[in-house]
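Student: Would you mind keeping the following structure in view while I ask a few things?
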Amino acid sequence: MDERDPQDEAAIGHGTEYGGVGHPEEDPRIHGERHPVARMIAIGVLAALIGTGITLLIDWFPEDGDTAASRIDTVYDVLLISSIPIFVLVMTVAIYSVVRFRAKPGDMSDGPPIHGNTRLEIIWVTIPFILVSALAIYGWIVLDDIEAKQPDEMVVRVTGQQFAWSFEYPQQRVRSTELVLPEDRPVLFGIRSRDVVHSFWVPEFRLKQDAVPGLTTHIRLTPDQVGRYQVVCAELCGLGHATMRQLVRVVPPDAFDSWLARRRERAAGGGGGAGGAGGGQAAAGETVFTDNGCGSCHTLSEAGTNGTVGPNLDNISRPNRAYVEESIVDPNAEVAEGFRRGIMPATFEDRLSPEELDALVEYLLEAQQ
Ligand code: CUA
């Protein structure tokens, strides 16, 4: 570093800022400050402390809704505390170096020829390796503990489809479009998709799991705070992705039991009554409409839905049986004005039984205003 080509020195001499500097010893760019590395690191450490302080002041998380929340928040805090200082330190040193050691105008010389530094390389590979491994092991231990099998688990089957969630309680023989859970009871979710990849996520529960076509994925959690939350879809799944959110209610156990009873009563009222065909048929049609998530895309006053992804069903342009049926089983055959092809899944022909399709068409025609 001390050996400078006289030509370089001449070039430096022409620089405006340092014009007139005669001896290389006096040029701070050649010798730098007395301890540039120490100064760099001091600035970096200070910036890291400030950065970490700011990070910890930010309220990152929604309220806690289950027993896993506080443990997952701790994992996040540990990750932040161990990654923010390193990020800020590295960026500060990099920015400081770029500013402090930049080439002056007219300096055409090469930098010093450096050929590796084994000790430095071992250090900068080993430290990150140990850090990342330790964090991975810690995260795994916490997740393993959260996902441990619990006694007295309640099973809830979650089905994602474009663009709605539906829930089934097989032990209780109940289906629903809102997710109602008893407080303090462990729940095992079995998550499936009818079409594309969705992601089941209740932010207050922290845990998130993909719904993958052809697979059943699982998640375990124990809600421990009575409250109203939202289940959202956390995987871009089409035009209606942002509307794919539904109510989650965590209620005391006795309120859950009476909710189950009401659901069962309603289902029985809708399915039975073969004689009173009119009422039974309409109820069956509404069940099909609700269970298949039609309302998340379509407005239908009769069902109290207000989706806008697809056409408004209060005023079907041609309210006749053939047209409505075709629009359900082969939605791309004729697309309502102002809407695009390929948005509505073309899977309902397989998904609905002929009776369900009939009930749905009937229900929609009767609901016309
Ligand atoms: Cu389903 Cu995004």
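Student: Quick check, is GLU326 assigned to a helix (DSSP H, G or I), acidic (Asp, Glu) and at pLDDT 85 or above?
Tutor: For GLU326, the condition - assigned to a helix (DSSP H, G or I), acidic (Asp, Glu) and at pLDDT 85 or above - is met.
Student: Can you say whether ALA255 is of a type in the set (A, V, I, L, M, F, W, C), in a helix (DSSP H, G or I) and either within 19 Å of CYS297 (Cα to Cα) or under 21 Å from the mean Cα position of the chain (by Cα) (or both), as far as the supplied structure shows?
Tutor: Working: of a type in the set (A, V, I, L, M, F, W, C): yes; in a helix (DSSP H, G or I): yes; either within 19 Å of CYS297 (Cα to Cα) or under 21 Å from the mean Cα position of the chain (by Cα) (or both): no.
When the stated conditions are applied, ALA255 does not pass them.
Student: Could you say whether any residue in the range 190-204 is more than 16 Å from the ligand (Cβ to nearest atom) and either open to solvent by 60 Å² or more (accessible area, probe 1.4 Å) or of a type in the set (A, V, I, L, M, F, W, C) (or both)?
Tutor: no
Student: Given the criteria open to solvent by 70 Å² or more (accessible area, probe 1.4 Å), out of contact with any Phe, Trp or Tyr (no Cβ under 8 Å at 6 or more places or on another chain) and not assigned by TED's automatic domain parsing to the domain that holds HIS35, does ILE114 qualify?
Tutor: Answer is yes for this residue.
Student: If a residue has to be open to solvent by 80 Å² or more (accessible area, probe 1.4 Å) and of a type outside the set (D, E, K, R) to count, how many in the range 340-356 make the cut?
Tutor: Within the range 340-356, residues that are open to solvent by 80 Å² or more (accessible area, probe 1.4 Å) and of a type outside the set (D, E, K, R) number 1.
Student: If GLU183 satisfies every condition in (1) in contact (Cβ under 8 Å) with a residue 24 or more places away in the chain; (2) open to solvent by 60 Å² or more (accessible area, probe 1.4 Å); (3) over 30 Å from THR308 (Cβ atoms) but one, which is the exception?
Tutor: GLU183 satisfies all of (1) in contact (Cβ under 8 Å) with a residue 24 or more places away in the chain; (2) open to solvent by 60 Å² or more (accessible area, probe 1.4 Å); (3) over 30 Å from THR308 (Cβ atoms) except (2).
Student: Checking TYR96 against (1) open to solvent by 70 Å² or more (accessible area, probe 1.4 Å); (2) touching a residue at least 40 places away in the same chain (Cβ under 8 Å); (3) among the aromatic types (Phe, Trp, Tyr), which single condition isn't satisfied?
Tutor: Evaluating TYR96 over (1) open to solvent by 70 Å² or more (accessible area, probe 1.4 Å); (2) touching a residue at least 40 places away in the same chain (Cβ under 8 Å); (3) among the aromatic types (Phe, Trp, Tyr) leaves (1) as the failure.
Student: For the range 132-175, enumerate the residues that are in a helix (DSSP H, G or I), open to solvent by less than 60 Å² (accessible area, probe 1.4 Å) and in contact (Cβ under 8 Å) with a residue 40 or more places away in the chain.
Tutor: Listed by number, the residues that qualify are LEU135, GLY139, VAL142, ILE146.
Student: I've got another one for you. Go over the candidates VAL142, VAL180 one by one and state the one that is of a type outside the set (Ser, Thr, Tyr), touching a Lys or Arg at 6+ places or on another chain (Cβ under 6 Å), on the phi < 0 side of the Ramachandran plot and not assigned by TED's automatic domain parsing to the domain that holds LEU260.
Tutor: Values: VAL180 fails: not assigned by TED's automatic domain parsing to the domain that holds LEU260.
Sole residue among the options that is of a type outside the set (Ser, Thr, Tyr), touching a Lys or Arg at 6+ places or on another chain (Cβ under 6 Å), on the phi < 0 side of the Ramachandran plot and not assigned by TED's automatic domain parsing to the domain that holds LEU260: VAL142.
Student: If you scan the range 222-235, which residues turn out to be closer than 19 Å to LEU143 by Cβ, touching a residue at least 40 places away in the same chain (Cβ under 8 Å) and open to solvent by 10 Å² or more (accessible area, probe 1.4 Å)?
Tutor: Matches in the range 222-235: THR222, ASP224.
Student: Taking the condition of being within 16 Å of the chain's Cα centre (by Cα) and within 22 Å of GLY139 (Cα to Cα), how many residues in the range 189-216 meet it?
Tutor: 12
The values are calculated or read from the model by the stated rules, or taken from the named source; none is laboratory data. The shown structure was predicted, so the numbers you read here are calculated from the model rather than taken from an experiment. Quick reminder, even Gly has a Cβ in these numbers, built from the backbone with ideal geometry, and neighbours come from all protein chains shown. The protein model used for the area step is the full one, side chains on, heavy atoms only, and it has no ligands, DNA or RNA in it. Shrake-Rupley method; radii C 1.70, N 1.55, O 1.52, S 1.80 Å.
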